[in-house]
Amino acid sequence: MKNLFLTTVALFVLSAPGAAQAQQWFDFNGQALTPDAIGGTLEMVSTITNDGSIETPLPLTGSISDRYTLVINGLQLLSDDGTMQMYAGGTIQIIEDDTTPADFGDMSTFSDGTVILEGTIQQFARIDFGVGGLVSGEGSVDWTGGSRINEIAPADRLAWALVVSISTRASVLIDGYDENWNGKVEPGDPIVSDGATTWGQLKKTY
Amino acid sequence: MRLQTLASLALALVLVSTVPANAENFILMDYSGYAYETGGLGDGLPSDIGDVLVLTGVADTYDDLFGVQPSSQEVTVYIYDLVSDGGVVDGEFLRIAYSGGKIAVYEDAVLNHDWGTNPPNPELSTFTDGQLLFEGDFTRFNLDLKIAGSFGVGAGAYSGDIDGVGGTAAQLCDGAEDCAYTFGGAFSKPIAVQLPDGYDIQIAGTLEVDAAVPVGPAGSFSAIKSLYQN
């Protein structure tokens with residue numbers, strides 16, 4: 001009976017969420033090429049911009065915006081009713097590279113390096129509000145691979161929110177691109193480290 | 001002849017000093033955060049006439065011209081006193097115009113931002129501590145939300161024009177009206193995640209300030225005169 005009690009306690013401690021955590025997300029700012037017709041694909045290259053004080057879901061090192069990029073490829077346009085475009089099927093990657101600076105003049109400079117996270121975009125809705133250039137987008141990401149995927153528990157890899165503020169203002173648009181994408185991808189809840197504890201330490205608490 | 005020369009000099013001076021800023025003369029800040037409106041907003045809640053919208057954010061990146069030291073300084077954005085006109089339902093959209101409204105941007109050596117829960121709350125003071133970097137009055141602010149349809153319900157966007165009235169960056173405005181602009185995505189439930197209790201909207205936006213361009217030696221009267229001395 002006592003063993004059953006302790007086992008129950010141990011399971012509770014190891015699976016309990018941590019104390020209230022600060023918000024976490026990957027913030028990115030980049031440029032997109034949009035498709036001309038249904039069936040075409042959207043490509044987006046960006047740098048991760050958590051150089052401020054927002055924590056990233058995975059610890060990143062060094063000058064983040066110089067070292068980490070976020071890239072979306074093959075996001076296919078499925079429908080367009082003039083107000084809302086529906087996309088699906090794309091891939092999203094977070095890449096670490098401290099050798100080749102990302103350069104919007106050469107999209108390949110965003111994709112070289114080590115893919116630390118890779119996932120699929122389940123769906124993405126791009127909504128044009130029709131006034132004042134107001135456009136935003138929202139979708140869902142499942143992480144499926146990458147060199148650091150195992151740092152995220154399997155249950156925490158699914159249904160991350162992808163939210164984007166989209167602009168075509170000249171002030172934020174780089175020549176050759178169609179749209180500026182300023183957004184973030186984030187888990188439903190902050191990712192917490194596994195809480196390792198010894199049996200002895202756990203018993204001491206009782 | 002002398003009068004003609006002086007007239008040419010005067011015209012040249014006027015032309016040089018009124019050269020409009022080009023796209024490269026915007027200084028940019030990228031921020032993320034949360035917003036709330038008195039009485040709630042989104043997820044089935046309307047925006048009632050007189051409701052007041054408050055947006056709070058933390059800058060992720062900023063132009064070097066802001067003079068902020070990344071990592072050792074926190075930049076926070078506080079937008080307040082935006083009064084709703086009650087909004088208009090336009091098909092699948094709720095379109096809200098706000099009157100009034102102010103923006104204040106602070107740089108702070110203490111990285112202490114904390115949204116807390118159920119605003120307004122004491123934690124909001126962590127967005128208004130530090131040194132005032134930019135302060136402005138909104139001359140226009142609009143927020144649109146998608147409130148119906150099969151997809152994208154809860155997605156929105158906002159934009160506003162700003163007169164700079166204070167802070168270091170406002171000096172870059174050089175007194176020009178509508179010298180700043182903010183734009184962002186706005187996401188209410190069910191899209192918004194990690195939304196602290198009591199907040200209605202998640203935001204991801206940018207602030208652009210028209211940097212008055214130092215025109216250099218060619219902008220001085222003596223420099224212009226020198227053009228006519230050869």
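Backbone geometry of the range B:144-159 corresponds, through the Karplus equation with coefficients 6.51, -1.76 and 1.60 at θ = phi - 60°, to 3J(HN,Hα) couplings of 10, 10, 8, 10, 8, x, 7, 10, x, 5, x, 7, x, 7, 9, 8 Hz, x marking Gly and Pro.
For the residues A:ILE121, B:ILE162, A:ILE116, what sequence is obtained by ranking on other C-beta atoms within 10 Å, fewest first? The partial results should precede the final answer.
Numbers: A:ILE121 24, B:ILE162 28, A:ILE116 18.
Ranking A:ILE121, B:ILE162, A:ILE116 by Cβ neighbours within 10 Å, fewest first, gives A:ILE116, A:ILE121, B:ILE162.
Fewest-first ordering of A:THR69, B:THR117 by other beta carbons within 10 Å of each residue's beta carbon gives B:THR117, A:THR69. Where nothing but the Cβ of Lys and Arg (+1) and of Asp and Glu (-1) is charged, how large is the charge dipole of the range B:28-124 around its Cα centre, in debye to the nearest 20? Value, rounded to 20: 180 debye. For A:LYS184, the aspartates and glutamates whose Cα comes closer than 13 Å to its Cα, not counting residues fewer than 8 places off in the same chain, are A:ASP27, A:GLU55, A:GLU138, B:ASP30, B:ASP60.
FYI, it's all coordinate maths here, none of it is from the lab. Computed from a predicted model, the values in this text were never measured in an experiment. Counting neighbours? That spans all protein chains shown, and the Cβs are built from the backbone with ideal geometry, glycine included.
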